[in-house]
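The values are calculated or read from the model by the stated rules, or taken from the named source; none is laboratory data. This structure is a prediction, so every number in the text was calculated from the model and none was measured. Using ideal geometry, Cβ is built from the backbone for each residue, glycine included, and neighbour counts are taken over all protein chains shown.
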Amino acid sequence: MTELGPEWCVVGTLLPYPYSPTGPQAELRSQKIFPAGAKLYVLGGFAGMGYETLTVLGYAHRRRSPVKAHIKAKYLGGFRAQLVYRPVVLRAIHWAEAEDGTCHRWLFEYREHGRADLAPSDPATGERLPRVAADFQKRLHGPPPDSADERG
């Protein structure tokens, strides 16, 4: 088996589900699969739906191995691009990409002369994915508070 090097991936944090503070599940602050605050690797999504649903990989409740799931994009926040070093996560990402057509990790872009495929460990991918992550963050949760224009 070949040794996997670090690869770029968009990462998000699962936001707490807004249960009623006085309801029967007031203490449970998670989605059905992943706990609130879980680090999820965003592998792709359904482009035809405007990426309202994303394909993610992360550690579920009481699981020792990563789990792939499709969740609504609005449940994720704190989008960022990171290098993934953990071999178990890298193997799960590659397995999910081979199995599912929605796991593309934004490793392509359209240029003047057609489609350009990027390698996950390529520095060009490291320049492209932060823009993808910032676009998700802005589209789903608005601009960051420090970038709001102040009118006086």
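Below are the figures for this structure:
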{"quantity": "Neighbours by Cβ (under 8 Å, 6+ apart or cross-chain): first from segment 123-145, aromatic (Phe, Trp, Tyr); second surrounded by 12 or more Cβ atoms within 10 Å (Cβ to Cβ)", "calculated": "Phe136/Val10; Phe136/Gly12; Phe136/Val42; Phe136/Tyr51; Phe136/Ala73; Phe136/Leu76; Phe136/Phe79"}
{"quantity": "Unique match (being among the basic types (Lys, Arg), modelled with pLDDT of 80 or more, touching a helix residue (DSSP H, G or I) at 6+ places or on another chain (Cβ under 9 Å) and under 30 Å from Tyr17 (Cβ atoms)) among Arg131, Arg139", "calculated": "Arg139"}
{"quantity": "Any chance Ala134 is outside any strand (DSSP E or B), surrounded by 12 or more Cβ atoms within 10 Å (Cβ to Cβ) and in contact with a Leu (Cβ under 7 Å, 6 or more places away or on another chain)", "calculated": "no"}
{"quantity": "Scan of segment 118-130 for residues that are within 17 Å of Val11 (Cα to Cα), small (Gly, Ala, Ser) and assigned to a helix (DSSP H, G or I), ordered by number", "calculated": "Gly126"}
{"quantity": "Segment 85-102 - residue that is touching a strand residue (DSSP E or B) at 6+ places or on another chain (Cβ under 7 Å) and not in a helix (DSSP H, G or I) and, of those, modelled with the lowest pLDDT", "calculated": "Thr102"}
{"quantity": "Single unsatisfied condition, Tyr110 versus (1) closer than 13 Å to Glu7 by Cβ; (2) assigned to a strand (DSSP E or B); (3) not β-branched (Val, Ile, Thr)", "calculated": "(1)"}
{"quantity": "Which listed residue is loosely packed, with under 14 Cβ neighbours inside 10 Å, at negative phi and of a type in the set (A, V, I, L, M), from Ala36, Ala69, Ala47, Ala60", "calculated": "Ala47"}
{"quantity": "Residue among Arg80, Arg105, Arg115 that is in a strand (DSSP E or B), of a type outside the set (Ser, Thr, Tyr) and at pLDDT below 90", "calculated": "Arg115"}
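Quick grid of which residues meet (1) within 21 Å of Ser121 (Cβ to Cβ); (2) of a type outside the set (Val, Ile, Thr); (3) touching a helix residue (DSSP H, G or I) at 6+ places or on another chain (Cβ under 8 Å):
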{"site": "Tyr51", "(1), (2), (3)": "no, yes, yes"}
{"site": "Val56", "(1), (2), (3)": "yes, no, no"}
{"site": "Leu76", "(1), (2), (3)": "no, yes, yes"}
{"site": "Leu83", "(1), (2), (3)": "yes, yes, yes"}
{"site": "Pro87", "(1), (2), (3)": "yes, yes, no"}
{"site": "His94", "(1), (2), (3)": "yes, yes, no"}
{"site": "Arg105", "(1), (2), (3)": "yes, yes, yes"}
{"site": "Tyr110", "(1), (2), (3)": "no, yes, no"}
